[in-house]
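Reviewing the structure listed below.
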Amino acid sequence: MATNDSRTRLWWLVLLAAAGTFALTMGTRQTMGFFLSPINTATGLGVASISLAFAFGQLWWGLTQPFAGAFADRVGAGRVLLLGVSLVALGTFLTPYMTSTWGLIVALGILAAGGAGMAGPSVLMAATSRLIPPERRGLATGVVNAGGSFGQFLMAPLAATLTASLGWVGALQALALIVLLALPAAFVLRGGPLSPAGAAAPVALPAREALGKALRHPGYLMLSAGFFVCGFHVAFLATHLPGVVAACGLPAPVGAWALGIIGLFNIVGSLAMGWAVGRWRMKSLLALVYATRALAVLVFLLAPKTEAVMLVFAAVMGLTFLSTVPPTVGLVAKFFGVGNLAMLFGAVMFAHQIGGFLGAWLGGRVFEATGNYDWVWYIDIVLAVGAALVHLPIREARPAPRVQPA
């Protein structure tokens, strides 16, 4: 029987594998907005057309997750992660060779985004939840989520540095090779549950039965509606924040640093949320996050557009950027258990990415029509307020009092 020390080391190895994979796949995807302008200059396709490819990627990233999750629920996460990481690298490497909107949709939207969906949060969070004991799952999901944030913090400035030294084509291909560092994680995360002695392994229902049960659950539907709004926010910022910086008349490097700061502060937000989900009701935490976003965008619109304001805004948005994930995963697990968690959270992620499609696509359309992003920010505020309110009716028991180990 494994000792407590060896089991703890194994748990941290699982967290390192999952967080590292998310760092590389999420970090690469979240830097793609930095390359929108160079792609536009090289191809002459226009911001709206290129935004369509980015938006399709948001949608496809979400669509792959329920299917990848259902497959991982049945055969384990290892094979799914192996394929996903390889596709992210391939799509990223091929992107500079695509000179049409359809070509960009294939490289960015199908290959890279689809691979990132397979190696994304639904599979990673479910694998972690199976391999980590229940009392540590909240913190574990926060650590994995923070990995994606650290990837964004690391990869955005790295993309800018690589572009300065290698050009944008060389930078994209270097990022593709860096993603392959995640391949060993597929081996670590391939196994079955590390259940305590005598504990039953989670049983997965048939996919159709589990999804039908979820779609009849009011709390699950409200959770999905809120996550739709999260996707709108995240995709708009990831795709268009460098454009927002340029529209404000600020230097281009501010855009890369703003993306990096979002990633840095999201590490703090993710870890704090992982700690908080075991202490307060998760629906209340989600309502607080969305209300904070609405207030932050309103203040940003009213403030002067200086470098300091832009970076402070990025920090505040970073605190809330992906901190929605641990309580969302936690509520899905609380509603239905972990047997079908990868698929059911993947379905919620699909709602997230429908919002992501609209955020990425609408940002480009509004900018081409008006020359600024103001109307997208107005929509953002309304959606954030709605998301804060929609979580309040979710029925969730208060967390049980925490018992200190003897």
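The values are calculated or read from the model by the stated rules, or taken from the named source; none is laboratory data. All values derive from a computational prediction rather than experimental measurement. Cβ sites come from the backbone with ideal geometry, for glycine too, and all protein chains shown count toward neighbours.
Observations, loosely collected:
- Checking the stated criteria, PHE357 turns out not to satisfy the condition of being among the aromatic types (Phe, Trp, Tyr), surrounded by 15 or more Cβ atoms within 10 Å (Cβ to Cβ), more than 26 Å from SER149 (Cα to Cα) and in contact (Cβ under 8 Å) with a residue 60 or more places away in the chain.
- As a summary of the residue check, ALA291 satisfies the conditions (1) of a type in the set (Gly, Ala, Ser); (2) assigned to a helix (DSSP H, G or I); (3) within 30 Å of ALA207 (Cβ to Cβ) except for the one numbered (3).
- Test result for SER86, of a type in the set (Gly, Ala, Ser) and either crowded, with 20+ Cβ neighbours inside 10 Å or closer than 19 Å to ALA360 by Cα (or both): no
- Every listed requirement among (1) modelled with pLDDT of 80 or more; (2) of a type outside the set (Ser, Thr, Tyr); (3) touching a Ser or Thr at 6+ places or on another chain (Cβ under 6 Å) is met by GLY147 save one, (3).
- Residue satisfying all of: in the range 167-211; farther than 23 Å from SER86 by Cα and part of a helix (DSSP H, G or I); modelled with the lowest pLDDT among these: ALA207
- Residue that is closer than 22 Å to ALA19 by Cα and either touching a Ser or Thr at 6+ places or on another chain (Cβ under 6 Å) or not charged (D, E, K, R) (or both), where the choices are LEU158, LEU162: LEU158
- Residue that is modelled with the lowest pLDDT, among those in the range 305-321 that are within 15 Å of LEU241 (Cβ to Cβ) and either crowded, with 24+ Cβ neighbours inside 10 Å or of a type in the set (Ser, Thr, Tyr) (or both): PHE321
- Here HIS233 passes the criteria (1) within 22 Å of the chain's Cα centre (by Cα); (2) surrounded by fewer than 23 Cβ atoms within 10 Å (Cβ to Cβ); (3) under 25 Å from ALA68 (Cβ atoms) except the one numbered (2).
- In the range 256-274, the residues that are buried (at least 24 other Cβ atoms within 10 Å of the Cβ), of a type outside the set (A, V, I, L, M) and within 24 Å of LEU383 (Cα to Cα): GLY263, ASN266, GLY269, SER270
- Filtering the range 2-29 to residues that are modelled with pLDDT under 80, part of a helix (DSSP H, G or I) and either closer than 18 Å to LEU183 by Cβ or of a type in the set (A, V, I, L, M) (or both) leaves only LEU10.
- Unique match (being closer than 30 Å to LYS334 by Cα, assigned to a helix (DSSP H, G or I) and of a type outside the set (S, T, N, Q)) among GLY84, GLY91: GLY84
- Failed criterion for PRO134 (all others in (1) modelled with pLDDT of 80 or more; (2) surrounded by fewer than 18 Cβ atoms within 10 Å (Cβ to Cβ); (3) closer than 23 Å to THR324 by Cα hold): (1)
- Taken over the range 18-69, the criterion of being polar (S, T, N, Q) and touching a residue at least 12 places away in the same chain (Cβ under 8 Å) is satisfied by THR21, THR25, THR28, GLN30, THR31, SER37, THR43, SER49, SER51, GLN58, THR64, GLN65.
- Any hit, the range 116-133, residues being outside any helix (DSSP H, G or I), over 18 Å from GLY62 (Cβ atoms) and touching a helix residue (DSSP H, G or I) at 6+ places or on another chain (Cβ under 9 Å): yes
- For the range 279-286, the criterion of a residue being more than 28 Å from ARG208 (Cβ to Cβ) and in contact with an Asp or Glu (Cβ under 6 Å, 6 or more places away or on another chain) is satisfied by at least one position.
- Complete set of residues in the range 59-70 that are more than 30 Å from TYR373 (Cβ to Cβ) and modelled with pLDDT under 80: PRO66, GLY69, ALA70
- For PRO327: the one exception among (1) modelled with pLDDT of 85 or more; (2) touching a Phe, Trp or Tyr at 6+ places or on another chain (Cβ under 6 Å); (3) buried (at least 24 other Cβ atoms within 10 Å of the Cβ): (2)
- Residue ID - modelled with the lowest pLDDT, chosen from residues in the range 334-346 that are surrounded by 24 or more Cβ atoms within 10 Å (Cβ to Cβ) and part of a helix (DSSP H, G or I): ALA342
- Residue pairs meeting the criteria (Cβ under 8 Å; at least 6 apart or on separate chains; first within 19 Å of ALA333 (Cα to Cα) and touching a residue at least 40 places away in the same chain (Cβ under 8 Å), in the range 140-154; second surrounded by fewer than 24 Cβ atoms within 10 Å (Cβ to Cβ) and among the aromatic types (Phe, Trp, Tyr)): ALA140/TRP11; GLY142/TRP275
- Residues satisfying the stated conditions in the range 30-58, i.e. within 30 Å of LEU215 (Cβ to Cβ), modelled with pLDDT of 80 or more, under 16 Å from the mean Cα position of the chain (by Cα) and of a type outside the set (Phe, Trp, Tyr): GLY57
- Across the range 100-131, the number of residues qualifying as surrounded by fewer than 24 Cβ atoms within 10 Å (Cβ to Cβ) and of a type in the set (Val, Ile, Thr) comes to 4.
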